Amino acid sequence: MSTTLNKSTAGAHTDIKDIKKRRNTGGSLLTAFTWIIAIGFFFPVAWMVLTAFKQESDAATNPPTFFFEPTLDQFKAVFDAGVGTALLNSLFVTTVSTIFVLLLGVPAAFALSLRPVKKTSDALFFFISTKMLPVVAVIIPLYVIVGQIGMLDNVWTLIILYTSMNLPIAVWMMRSFFLEVPSELLEAAEIDGASLWTSVREVILPLISPGIAATALICVIFSWNEFFFAVNMTAVNAQTMPVALTGFMSGQGLFWAQLSAASVIAALPVVICGWIAQNKLVRGLSFGAIK
C-alpha cells in the first residue's frame, strides 16, 4: 500500500511539473509574440527617427540604407523653413486651451458629481452631444463668423475652438474621478469648519490629481494633433505644427529626411509630457475614467 501511495505521489509531482513546464512554455511564446507585435508597431517611429538623421540621398535609396553617417542638417533645414514659429504657436495654443479646459471642467465636474445639480443627466447629455456633430458640418458657419469678426489666422481662435472641443471629454472624465471620492470626506471637512473652496483645494484636488493629469494629457494630445480647424482657420501667422508638416510635401516631391526631422520635432513635446506625467497618468487611467 505504501508503494502504491509513493507511486501515486510521484505521478502527481510529475503531472504538476509537466503542467508548469507547459505554462512556462506558453508564457514564453506569448511574451515573444507580444514583443514582436510591439516592435512591429514601434518600427515606423524608429525608422522615422533614423531617417531624420540622414541626408536626402540616403533617405530616398531603394533598398533602404541602414548604415549612414548621422547629421543634423535636416533639423537645421526644418527650422530655417520657419517651423519654429509653428512650434511656438502649437505650444501656446495647446497650453492655454488645456488650462482653460481644466479651469472650466473641474468646477463643472464637481457640480455634476459631489454637488449634483438638478437634471444632471440632461447636463451631461448636453456636454457629450456637442461631440456628435461632425466638425466638417460646422466649418463653413464657423469660418464665416470668424471672418466677420476679423479673427482668421489668429491663435486665440484656435484656443477657443480647442477649448470647446476638449471641454465635454474633460467634464465626463473628471466627473468619473470625482465620483470615486467618498462624499464622507467632504462632509468631514465641513464639520471641521472648512469652507467649500478649502475642502476642494485641500481634500478633493490632491486625491484626484492623477485624474486631472490624465485628463490634461489627453487634452494636450487632442489639441496638439488637431489639423482640420488649424488648416482651415490659419494661414501663416497662426499656423500650427500639423499644418506646417504638410509644407514638406510639395510638387517637387517628398523630402523624406526633412519631413522625418519635422515629425520628430512635432512628436517630441507630447512624448516629453507623457514621460513627465507617466506616474500620475497610470494612476489616473485606473482611477475611474477608463476601466
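The values are calculated or read from the model by the stated rules, or taken from the named source; none is laboratory data. Please read these numbers as outputs of a predicted model, since none were measured by experiment. Neighbour counts run over all protein chains shown; Cβ positions are idealised from the backbone, glycine included.
Data for the structure
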| quantity | calculated |
| --- | --- |
| Per-region count, the stretch 249-290, residues in a helix (DSSP H, G or I) and either under 14 Å from the mean Cα position of the chain (by Cα) or at pLDDT below 60 (or both) | 22 |
| Any pair with Cβ under 9 angstrom, 6 or more apart, that starts in the stretch 46-74 at a residue that is under 20 Å from V271 (Cα atoms) and ends at one that is among the β-branched types (V, I, T) and loosely packed, with under 12 Cβ neighbours inside 10 Å | A46/I39 |
| Test result for F229, at pLDDT 90 or above and either in the same structural domain as S90 (by TED's automatic domain parsing) or assigned to a loop (DSSP other than H, G, I, E, B) (or both) | yes |
| Residue tally, condition in contact (Cβ under 8 Å) with a residue 24 or more places away in the chain and among the hydrophobic types (A, V, I, L, M, F, W, C), over the stretch 108-141 | 11 |
| Among residues of the stretch 179-193, those that are free of Cβ contacts under 8 Å to residues at least 12 places away in the same chain and assigned to a helix (DSSP H, G or I), counted | 5 |
| Unique match (being under 24 Å from F227 (Cα atoms), at pLDDT 85 or above and buried (at least 16 other Cβ atoms within 10 Å of the Cβ)) among A77, A108, A46 | A77 |
| Residue satisfying all of: in the stretch 136-155; of a type in the set (V, I, T) and assigned to a helix (DSSP H, G or I); surrounded by the most Cβ atoms within 10 Å (Cβ to Cβ) among these | V155 |
